[in-house]
1. For Ala140, are the conditions met, namely being surrounded by 15 or more Cβ atoms within 10 Å (Cβ to Cβ) and either outside the structural domain of Thr161 (by TED's automatic domain parsing) or in contact with a strand residue (DSSP E or B) (Cβ under 6 Å, 6 or more places away or on another chain) (or both)?
2. Check region 76-94 and report whether any residue there is buried (at least 21 other Cβ atoms within 10 Å of the Cβ), over 27 Å from Arg214 (Cβ atoms), among the aliphatic types (A, V, I, L, M) and not assigned by TED's automatic domain parsing to the domain that holds Arg20.
3. Checking the condition among the hydrophobic types (A, V, I, L, M, F, W, C), farther than 13 Å from Leu195 by Cα and in contact with a Lys or Arg (Cβ under 9 Å, 6 or more places away or on another chain), which residue from Ala138, Ala176 passes?
4. Given the conditions (1) in contact with a helix residue (DSSP H, G or I) (Cβ under 7 Å, 6 or more places away or on another chain); (2) touching a residue at least 40 places away in the same chain (Cβ under 8 Å), and given that Arg47 satisfies all but one, which numbered condition is not satisfied?
5. Just checking, does region 140-149 include any residue being modelled with pLDDT of 90 or more and closer than 22 Å to Ala119 by Cβ?
6. Would a scan of region 124-136 turn up a residue that is within 30 Å of Glu26 (Cα to Cα) and either in contact with a His (Cβ under 8 Å, 6 or more places away or on another chain) or in contact (Cβ under 8 Å) with a residue 24 or more places away in the chain (or both)?
7. If Glu203 meets every condition in (1) in a helix (DSSP H, G or I); (2) surrounded by 18 or more Cβ atoms within 10 Å (Cβ to Cβ) apart from one, which number is that one?
8. Looking at the structure I just gave you, is Met1 modelled with pLDDT under 90, more than 24 Å from Leu151 (Cβ to Cβ) and of a type in the set (A, V, I, L, M)?
Amino acid sequence: MVKPIATRNLHGQVIHELGRLIVSGEIKPGQSLPREELLAERMSMSRTALREAMKVLSAKGLIESRQKTGTRVRETIHWNQLDADVLAWRCESMPTEDFVEKLVEMREIIEPAAAAAAARRRTAEQLVAVETAYEAMAAARNLDEWTSADLAFHEAVLHATNNELMISLFSVIETALGTYFALSASTASNFKYSLPHHQKVYEAIRRRQPEVARQAMQKMVADSRSNIRRHRKAKA
C-alpha cells in the first residue's frame, strides 16, 4: 500500500516541509525558491542532499528548475494530485471547501459503481471482510476507532470488486478518504450517524443486489456531503 514519505530523517523532513509549504499555498505557484546554497544552509543540510529532495518534489510535479530562472513552484494543474504525499499535505493543512467538494465528486463517480461491482463479484471471504469492518464501526467507542473502521469498510468494498484498478485507487486516495471520513463524522451530532447507510450497502452486497448497493452508496455519499455543508454554513 502506498504511504506518505516517512519524515524521520533529514532528507524526508526537507521534502515534507517544502511540500507542505507549497501545497498549503504558503509558497505560491510561480514563486521562486531561495537559491540552492541559501536553502541548503537554511535547512541545515548539504547541497547534494537538498538536490535529492528537490528531485522528489519535482517528480511530484510541484516544482521545476531552469538554468536562468532557478527553481519555481509549478501551477497546481501540473501537480500529481493523487500522489500520497500531495494528498497528505493537502489534508494536513485542513481540507479547503473546494478540495472537499472535489473529493466528494470523485467518491460519487467511483464508490457507487464499486458497491455495485462488489455485489456482483464478491467472494464469501470478501463479504466477511465487509461485515467485519461494519461491525467494527458499530462497536466504535470514539471518532478515531470509527474513522479507522469506516476506512476499512470502504477498502473492503473496493477489494470485493475484484478489479485491481479500483483496489489500487484506494491505496492512492486512502489518506484523503481518512481525513474526509473523520471530518464528516466530527461535524455530526453523533459520529455514528451514517451507520444505517453502511448497513444497507453491506446487506445489498450480501444479497448480491448490484443496483440496491449502488443506490445505497450514492445515498451515503450524498448524505455525508449534506452533513458537511450544513456544518460549514452553521460556522459561517
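1. No; evaluated as a whole, the condition is false for this residue.
2. yes
3. Ala176
4. Failing condition for Arg47: (2).
5. Yes - at least one qualifying residue is present in region 140-149.
6. Within region 124-136 (the criterion being within 30 Å of Glu26 (Cα to Cα) and either in contact with a His (Cβ under 8 Å, 6 or more places away or on another chain) or in contact (Cβ under 8 Å) with a residue 24 or more places away in the chain (or both)), the answer is no, since none of the residues qualifies.
7. All conditions are met except number (2).
8. no
The values are calculated or read from the model by the stated rules, or taken from the named source; none is laboratory data. This is a predicted model, so every value here is computed, not measured. For neighbour counting, all protein chains shown are included, and Cβ atoms are generated from backbone atoms with ideal geometry for every residue, glycine included.
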